[in-house]
Amino acid sequence: MKSILLGASLLMAAVSAQNAYAQHGERFHVAGLRKYAQVVTGDLVIPAGTTTSGGVMVIRGNLDVYGNVDGAATAIAGDVIVHEGGRVRGGAVALMGHVRNEGGSILGVIKDVGTTHNRSTVSFGGRPRTTMGSLVSAVVWLIVLLLLGTFVLFFMRDYFKRAVEVVTNETGRSLFTGVLAGIATVPAVIAISIALAITIVGIFLIPIGVGAFLVAVSGIAILGFLAVAHVAGIAISHKSKSETPAGEELQYLFTGILAFSALWIVAAAFTWFPFVGSLLHVLAFAVTFVAVATGFGAVILSWWRSRPRKNAAVAV
């Protein structure tokens, strides 16, 4: 409601100002809008390499920012478009329009107010993902997974091998179990919070308890994904050329990780092409989700089935 009232007030001021000035695009200063260095009717372009001495407002037009706006960028009945290389040091507000960040930087609040939508986000200098940024992110994740895979293979070998066996022999059941377990994490977090909130001391431990639970869930998911990647690597490689069992398993694991990461790298390479890039990202996410869910269920099943064996061994 406040946004609508603000928009109506600014629109009334804009109409009054436009009636006072006959020429389209003429610059003027309004006593009530002194925080803006420029108030313009019609389209306005802030050229690259230039910096305004304050905020900028356009009325019934688009504001294209290629340079620097040292304040707020506001458009009434138009769009605020921050192009690559452009920078808005304050907020970006569009009344009856849209704020479009096309490679620039907005340091304040981004807000759209229109007749059918009211969207507000905070970026604080955030930039839209570029092709190079997406590729770097995908490669970094690849390196992290390779390092985690090496650690798991050599230091958590027993857990890893059991998960691989379950994925190989019971893929469908693992996927089903993983989906159910993933859904169950939400009520589990709620139950942990309620259990800790019973006592006064427990209330202060809620963040620690929930954080530890989420870390454990993430660890299980990563272990399961690596198990699925190992199985995928076996299917892709068919036969390893390594002379040692450890080298053979490492080759399978790395091959699977590279196969899954390749989907994200290809999707990242098409970030510049939004339609194709979005489709490839959806495909990569879907494949990765199935792999993580399957591995998550496999780890749970392997752990559950190992319990009777341990109990039997203790009894003997």
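Would you mention how many residues in the range 44-63 are open to solvent by 30 Å² or more (accessible area, probe 1.4 Å) and touching a strand residue (DSSP E or B) at 6+ places or on another chain (Cβ under 8 Å)? Write out each step before concluding.
We begin by selecting, within the range 44-63, every residue open to solvent by 30 Å² or more (accessible area, probe 1.4 Å); these are 45, 47-51, 53, 60, 62.
In the following step, the residues that additionally are touching a strand residue (DSSP E or B) at 6+ places or on another chain (Cβ under 8 Å) were identified as 45, 50-51, 53, 60, 62.
Residues that pass the stated criteria total 6.
How about the range 256-303: which of its residues are in contact with a His (Cβ under 9 Å, 6 or more places away or on another chain) and polar (S, T, N, Q)?
Within the range 256-303, just Thr271 meets the criteria.
Taking Arg129 and the conditions (1) modelled with pLDDT of 90 or more; (2) open to solvent by 90 Å² or more (accessible area, probe 1.4 Å); (3) of a type outside the set (A, V, I, L, M, F, W, C), which numbered condition does it fall short on, given that it satisfies the others?
Single failed check for Arg129: (1).
Of all residues being under 26 Å from the mean Cα position of the chain (by Cα) and free of Cβ contacts under 8 Å to residues at least 24 places away in the same chain in the range 135-179, which is nearest to Ala267 (Cα to Cα)? Just the residue, please.
Among residues in the range 135-179 that are under 26 Å from the mean Cα position of the chain (by Cα) and free of Cβ contacts under 8 Å to residues at least 24 places away in the same chain, the one nearest to Ala267 (Cα to Cα) is Val136.
Would you mind stating whether Gly178 is loosely packed, with under 12 Cβ neighbours inside 10 Å and farther than 20 Å from Leu148 by Cα?
Details: loosely packed, with under 12 Cβ neighbours inside 10 Å: no; farther than 20 Å from Leu148 by Cα: yes.
It is false that Gly178 is loosely packed, with under 12 Cβ neighbours inside 10 Å and farther than 20 Å from Leu148 by Cα.
The values are calculated or read from the model by the stated rules, or taken from the named source; none is laboratory data. In this text the structure is predicted, and so the values were computed from the model without any measurement. Here the Cβ is made from the backbone with ideal geometry for all residues, glycine too, and neighbour counts use every protein chain on show. Side chains are part of the model used for accessible areas, which takes the heavy atoms of the whole protein and leaves out ligands, DNA and RNA. Shrake-Rupley method; radii C 1.70, N 1.55, O 1.52, S 1.80 Å.
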